[in-house]
Amino acid sequence: MKLSALIIGLILGALSWAVVPLVSDNFEPFDSGIGFLIGQIAMSAGALYFAYSKGIKNIVLYMLGIYAGQNIYAYIFGTSGTRL
């Protein structure tokens with residue numbers, strides 16, 4: 001189960017950035033209120049699931065996956081300013 005927590009975190013972290021251009025004219029979640037909210041709700045739902053049903057080790061891996069997913073997405077699809 002630990003590997004799936006990391007993978008789900010990677011996916012939801014990247015999706016928290018990928019949804020923003022779909023709902024606004026911005027790239028970064030912090031520049032779009034609705035995009036930011038959608039990403040936060042999705043990531044929070046996953047965090048609640050792992051926290052209540054899978055234990056502390058899985059939530060740590062999930063959060064690490066979110067962090068990595070957000071940064072990987074921003075690095076691959078972002079501008080040079082985003083990569084900084």
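If only one of TYR73, TYR52, TYR62 is under 16 Å from VAL19 (Cα atoms), assigned to a helix (DSSP H, G or I) and of a type in the set (Phe, Trp, Tyr), which one is it? Only one candidate passes the filter, namely TYR73. Hey, does segment 42-52 have a residue that's more than 15 Å from the chain's Cα centre (by Cα), over 22 Å from THR79 (Cα atoms), small (Gly, Ala, Ser) and modelled with pLDDT under 90? Yes, that holds for at least one residue. Taken together, the residues in segment 14-35 that are modelled with pLDDT of 85 or more and surrounded by 20 or more Cβ atoms within 10 Å (Cβ to Cβ) amount to 5.
The requirement of being on the phi < 0 side of the Ramachandran plot and touching a residue at least 40 places away in the same chain (Cβ under 8 Å) is fulfilled somewhere in segment 23-32, by at least one residue. Listed by first and then second residue, the pairs with beta-carbon distance under 9 Å, at least 6 apart or on different chains, first residue in segment 67-84 and in contact (Cβ under 8 Å) with a residue 60 or more places away in the chain, second outside any helix (DSSP H, G or I), are PHE77/PHE27.
The values are calculated or read from the model by the stated rules, or taken from the named source; none is laboratory data. Fair warning: this is a prediction, and the values are worked out from it, not measured in the lab. Cβ sites come from the backbone with ideal geometry, for glycine too, and all protein chains shown count toward neighbours.
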